[in-house]
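Chemist: Pasting a structure below so you can have a look.
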Amino acid sequence: MFVQLRAPATGASMLLVCLAALGAALYFGPWRPAPVADAAPPTPEPPAAPRDGVLRIGLESPFVHDAGDGVVHLGVRITPPGDGITARAPVALALVIDSSGSMDGLAMDHARFAARTVVERLGPGDRVAVIDFDDDATTPVPLTAAGSERAPIIAAIDAMRADGSTALYGGVAAGLAALAPATDATRRLILVSDGQANVGPDTPEAVVAALDPAGVTLSTIGVGTGYDEAMMLAVADHGRGGFHHLADPIQLAEILDAELKSARAVIARDAVIELRPAPGVELLGVAGIEAEPRADGGWRLAVGELYADETRSLTVKLRVPTGARLPSMPLVDVHRPVGAVALAYTPVEGEPVTRSAEAHYVLTPSLDKVRAGQEPAWMVAADRMRVSHVLVDAAALLRAGDLLEAQAILRDERARLKSRRGRTAGDAQAELDALIALLADPYVDAQLDGDAAPAAPDVDARFTAALDAVRQGRAVDDAALAGIDAERLRILRNAAYARHGYRFKSAELRRFFGSTGWYAEDAGFDPARLTKADVDNVARIKQHEGGASIAAAAPAVAPGGPGFDPLFEAIRSGEEVDDGALAGLDLGALRRLRNTAYARHGYAFRSTDLQAFFAATDWYAADPAYAPARLTAADGQNVRRIKAREQALLARAGGEAVRDFELRSRANARRALR
C-alpha cells in the first residue's frame, strides 16, 4: 500500500518548493534529457518503413559515442517491387565498338562475336544500333528493329575491321545520336574500347562536358590494359552506368550479355535520392555517385535505373554532432535526428512514385552500447563503402608503384571483413562474402616480400594435369593452378584457344602446341566455338598468371651489401645511405627501410604489418601531429633512392601485370557498391 503524506504549505515552504522546481527545470529541462538507466538502454524508434519496402535506411549502429568524432555511415536500400511483372519494356541499344588498329587480332574477333551474340538475343520489340570508330565514327547499323533485320545487322558486324586511330568521343556521340529518335523507356549505350582517345576531345573532362546522355544509360568496357581508365570511368559515371575491366577479351560476350539482361530488367528510371540532413549534420561523401548540393542545404543523388528483383544500395558518410559533456553532468543518452531521405522514380509503366524515411541516432557515453547496437544489414552497407575506398586507394598505390603497400591494405581489409562474418547471417552474410570475394585474388596474395614459398616439387605433374583438363574443356580450379609459374600459366591459358584451332601469332606458342600431337590450326576459327568452361578457365588462369608475373619480382637481384640491420640503424638515425648498400635487398626489406624514414618522425602507419614491425622497436611512437615537413633532406634522399631500387626490381615483373592489378582494383571498387 502506498500512503501519500500532505502538509499545509507555508510561505517559506512554498518558496523552497518553487526553488526546487526551478532547479529541476534547469537540470532536467529541454536542453538536458532525463537520465536513462543502463539496465534498459533506450533504442531509437525506427522510422516507419513503407509498406512495400521500397526504401529502407539505417545506421551501422543507432548509438554514437558522445566523445567520438561523430562519423557515421547511413545505409540506403532501394528495392523496387518486381512481383507480377511479366513483360519488360523494349530496349533501344547502341553498341559502340572501338575498331582502331590496336584492336586487331583476338580483341576484334571477340568484339564481333560479342556483338553478334547480343543481337541474336534481342527480342522482337528491341532495337539496336552499331557504331564503330577509328579515325572517325561510322554507323553501319542505324537504330533497327532486331526481329526482322537480324541477318543484315550481323553481316554489318562481321564486316568490321580494325584500323586507324581512336576517336572515342566521336563514337559515343554517334551512339547517342543514333538513340536520339528512340522513345523507349530503356535506352542503353555500351562502349567497348582498348585504347586511349587521340582524335577529337581526348580528356575525361572534355569528353564528359561535350556529352549529354539525355536519359541514356552509358556503360563502358575496357579491354586489355592500354585504355584510359579515367576516361572510361568518367563516361560511365556521367551516364550512371557500369564500368568493366577485361584483362582478356574472352569475357566480352558475357559482359555484354549481362548488360543486356540488366537493360531488360529495368522497371523504373530517373531514380533520384534527396538527402535532407538535420541541423549540424555534415555530408562527408557518397561512394560511387556524385552528390549535388541543393539551395535548401540538402543533397541530390541521381541513381538512374532500377531493376526488377535487384536491391540498389547506397552508403552515405556523415558527421553528426556529438558535443562535449561537463564533468558535473550525469551520463545520459540523448536522442537526435540524422535527417530525412526521399526517393523519387518513374516506373516504365505507371505514375511517378515517391517514398521517404527518417533516421535518428542516440548519443551515448557507452562504447559497449555502440558496439552492441551494430545491425548486420547496415554494417555491410558501411563495409561496401570501406571496401570501395580501400580498392581505390590500392589502385593509387599501384599507380605509384607501391605494390606491397597496396597488397597490405587489401589483405588487412579482407581480414577485417572475415572477422565480422560471424556477426552476420542470411542476406547480410551473403553480401559480406561477396565483398570478401573481391579481395580473394591471386594478385593480392602474390608473395613479393622475399618470403615466397618454394615451387611445389610436383609442379611438372600438376602443369601436365591442368593442361590435359583445359585441352578437354574441363574446368580447372584455383588449387590446381597455385604454384605454377607465369610462363606455364600462359601456355595453359592459350590451350583453351588451341583446342579449337586458333592460329597463334607467337612462334613460341605455335611450336609448343605443334609438338603436342593434338593441335591443328584452323583458318576458320571463330570465338563462338569457345565453351563456358573455356571462358571461365581463361579468366581464372589470367588472374593466376598476373599474380605469378608480379611475384617474379620478389627475389633479391643478388646477395651482398652490408645487410638490412646497419641500413636500418643508419636511416633511423637520419644518415644518408648510398645505392650500393641497397643492392642485395628484396622488396620487403626495401619497403621497411623506406618507411623507417617516416617512422622516425612519428608517422602513423595504415597497414598492420608496418604497425607491428615498428611497434616492436624501442623508439617508435605514432604521433597524431606528424607532418611531412619534419622529413630532413637526408630522409628525402633515402626515400627517393630506395624507391628507385624498388622500381628496378618491379620492372622485372613487366608493367602489364601491375597495370592489370590496378585496373581490376578500380573496377572492383565499383562492383563493391552494387
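Computed from the coordinates by the stated procedures, all read-outs in this text should not be read as laboratory data. None of the values given here were measured: they were computed from a predicted structure. Here Cβ is always computed from backbone atoms with ideal geometry, including for glycine, and neighbour counts include all displayed protein chains.
Chemist: Amide H to amide H under 5 Å from V338: which residues, 5+ apart in sequence or cross-chain, H placed 1.01 Å off N in plane?
Modeler: The answer is A359, H360, Y361.
Chemist: Would you compute, from DSSP H runs of 4+ residues alone, the mean residue ellipticity of the chain at 222 nm, taking -39500 (n - 2.57) per run and dividing by the full residue count, rounded to the nearest 500?
Modeler: -12500 deg cm²/dmol
Chemist: If you take the C-alpha gyration tensor of the range 91-264, multiply each eigenvalue by 5 and take the square root, what semi-axes do you get, largest first, in whole Å?
Modeler: So the three semi-axes of the range 91-264 are 21, 18, 15 Å.
Chemist: Could you point to the residue in L122, G105, L489 farthest towards the positive end of the chain's charge dipole, with +1 and -1 charges on the Cβ of Lys/Arg and Asp/Glu respectively?
Modeler: Farthest along the dipole direction, towards plus: L122.
Chemist: Once phi is turned into ³J(HN,Hα) by the Karplus curve 6.51 cos²θ - 1.76 cosθ + 1.60 with θ = phi - 60°, what whole-Hz value does each residue of the range 238-250 show in order, with x for glycine and proline?
Modeler: These are the phi-based 3J(HN,Hα) values: 4, x, 6, x, x, 10, 10, 10, 10, 5, 10, x, 4 Hz.
Chemist: Please compute the contact order of the chain in relative form: average sequence separation of alpha-carbon pairs under 8 Å and at least six residues apart, divided by the residue count, as a percent.
Modeler: Contact order relative to length: 14 percent.
Chemist: Taking the chain as the reference, fit the longest principal axis to its C-alpha atoms, fit the long axis of helix 459-471 to the helix C-alpha atoms, and give the angle between the two in degrees, 0 to 90, nearest 10.
Modeler: The helix 459-471 is inclined about 80 degrees to the chain.
Chemist: Measure out, as a whole number of angstrom, how far apart the alpha-carbon centroids of the range 511-546 and the range 596-674 sit.
Modeler: 39 Å
Chemist: Can you list residues from other chains, or at least 5 along the same chain, whose modelled amide H is less than 5 Å from the amide H of E60?
Modeler: H73, G75
Chemist: S419 to E351: extension gain in nm, 0.36 nm per residue of separation minus the Cα-Cα distance?
Modeler: This chain segment gains 20.0 nm when fully extended.
Chemist: Which of the lysines could a cross-linker bridge to K369, judged by Cα under 21 Å and excluding same-chain residues fewer than eight apart?
Modeler: The qualifying lysines are K317.
Chemist: Which listed residue (A180, A672, F243) has the Cα farthest towards the positive end of the charge dipole for the chain, taking +1 on Lys and Arg C-beta and -1 on Asp and Glu C-beta about the Cα centre?
Modeler: A672
Chemist: Identify all lysines with a Cα-Cα distance to K261 below 23 Å; exclude those on the same chain that are fewer than 8 residues away in sequence.
Modeler: Hits, sequence-local ones excluded: K532.
Chemist: Ordered by residue, what ³J(HN,Hα) values in Hz, to whole numbers, does the range 59-67 give under the Karplus form 6.51 cos²θ - 1.76 cosθ + 1.60, where θ = phi - 60° and Gly and Pro are x?
Modeler: Result, rounded to whole Hz: 8, 3, 9, x, 9, 10, 5, 6, 9.
Chemist: Farthest toward the dipole's positive end in the chain, which of G655, V380, L301, given Cβ charges of +1 (Lys, Arg) and -1 (Asp, Glu) about the Cα centre?
Modeler: V380
Chemist: Next up: So how tilted is helix 587-599 from the main axis of the chain? Cα-based, degrees 0 to 90, rounded to 10.
Modeler: 30 degrees
Chemist: Just subtract the alpha-carbon distance of D158 and A344 from 0.36 nm times their residue separation and send over the number in nm, one decimal.
Modeler: Stretched out fully, the D158 to A344 stretch lengthens by 62.7 nm.
Chemist: Now for a separate question. Normalising by the residue count of the range 459-551, find the relative contact order in percent from Cα pairs under 8 Å and 6+ residues apart.
Modeler: Answer for the range 459-551 is 38 percent.
Chemist: Return the percentage of antiparallel bridges among DSSP beta bridges fully within the chain, rounded to the nearest 5 %.
Modeler: So the antiparallel bridges amount to about 65 percent of the total.
Chemist: OK, next. Amide H neighbours of T186 under 5 Å, at least 5 residues apart or on other chains, H built in the peptide plane: list them.
Modeler: Correct list: A92.
Chemist: If you line up the long axis of helix 106-121 against the longest principal axis of the chain, both from Cα atoms, how many degrees apart are they, to the nearest 10?
Modeler: The angle comes out at about 70 degrees.
Chemist: Shifting gears a bit: Need one word for the range 344-405: rounded, prolate or oblate. Basis is the Cα gyration tensor (sqrt eigenvalues a ≥ b ≥ c); a/c below 1.5 gives rounded, then a/b vs b/c decides.
Modeler: oblate
Chemist: Now for a different question. Which of rounded, prolate or oblate describes the range 176-257 when judged by the alpha-carbon gyration tensor and an a/c cut-off of 1.5?
Modeler: Because a/c hits 1.5 or more and a/b fails to exceed b/c, the range 176-257 counts as oblate.
Chemist: In sequence order, what are the phi-derived ³J(HN,Hα) couplings for the range 567-572 according to the Karplus relation 6.51 cos²θ - 1.76 cosθ + 1.60 with θ = phi - 60°, rounded to whole Hz, with x for glycine and proline?
Modeler: 5, 4, 5, 5, 5, 4
Chemist: Under a Cβ-only charge scheme (Lys and Arg +1, Asp and Glu -1), can you give me the dipole magnitude of the range 564-653 about the Cα centre, in debye to the nearest 20?
Modeler: Using Cβ point charges on Lys, Arg, Asp and Glu, the range 564-653 gives about 360 debye.
Chemist: What does the C-alpha gyration tensor say about the overall shape of the range 303-404? Classify as rounded when a/c is under 1.5, otherwise prolate if a/b is larger than b/c, or oblate.
Modeler: Oblate is the answer for the range 303-404, as a/c is 1.5 or above yet b/c matches or exceeds a/b.
Chemist: Also, I was wondering about something else. Relative to the Cα centre, what is the charge dipole magnitude of the range 91-264, using +1 at the beta carbon of each Lys and Arg, -1 at the beta carbon of each Asp and Glu, and rounding to the nearest 20 debye?
Modeler: Around 760 debye, computed over the range 91-264.
Chemist: Ok, one more. How large is the dipole of the chain about the Cα centre if only Lys and Arg carry +1 and Asp and Glu carry -1, each at its Cβ, rounded to the nearest 20 debye?
Modeler: My answer is approximately 1440 debye.
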